[in-house]
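See below for the structure under consideration.
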Amino acid sequence: MGEAVGGARPSPASGGAVFKACDEDNKGYLSREDFKVAVVMLFGYKPSKIEADSVMSSVNPNISDRGYLTLEDFQKAFKQVAPKLPERIILEVFREVDQDSDGHVSFKDFEYATNYGQNEA
């Protein structure tokens with residue numbers, strides 16, 4: 001398993017800001033190492049090699065070309081990270097994140113979801 005990093009706490013930075021900071025070459029996607037740094041920045045937790053490999057292998061390589069996630073992409077990712085989560089919950093989360101109800105989770109949708117509730121503290 002991964003490890004907590006120096007008692008770090010979740011970052012108040014938005015997911016979009018973290019993504020931009022970790023995508024140093026402006027490639028539009030995160031490499032395995034970029035992903036690990038982003039998780040540390042967001043959650044104060046360094047994923048193990050096995051955890052990072054699991055997440056990376058669950059992602060369709062064409063996603064970065066498409067620029068959005070489908071429900072199927074979402075389901076595959078959740079199966080890797082939370083295999084016991086009921087399908088109806090995954091569907092509810094997808095519908096909530098898909099702000100414009102177009103059947104795709106765009107970067108804009110994803111950024112909105114990662115920022116949700118941060119201004120209420």
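The values are calculated or read from the model by the stated rules, or taken from the named source; none is laboratory data. Being a predicted model, the structure only gives us computed values, none of them experimental. Here the Cβ positions follow ideal geometry from the backbone for every residue, glycine too, while neighbour counts run over all protein chains shown. Side chains are part of the model used for accessible areas, which takes the heavy atoms of the whole protein and leaves out ligands, DNA and RNA. Shrake-Rupley method; radii C 1.70, N 1.55, O 1.52, S 1.80 Å.
Here are a few things to note about the model shown:
- Test: SER57 is surrounded by fewer than 14 Cβ atoms within 10 Å (Cβ to Cβ), modelled with pLDDT of 80 or more and not β-branched (Val, Ile, Thr): no
- Breaking point among (1) closer than 22 Å to ALA17 by Cβ; (2) under 15 Å from the mean Cα position of the chain (by Cα), for LYS79: (1)
- Residue check, VAL105 touching a Leu at 6+ places or on another chain (Cβ under 6 Å) and at pLDDT 75 or above: yes
- Qualifying positions in segment 67-85 - open to solvent by less than 60 Å² (accessible area, probe 1.4 Å) and of a type outside the set (Phe, Trp, Tyr): GLY67, LEU69, THR70, LEU71, ASP73, GLN75, ALA77, ALA82, LEU85
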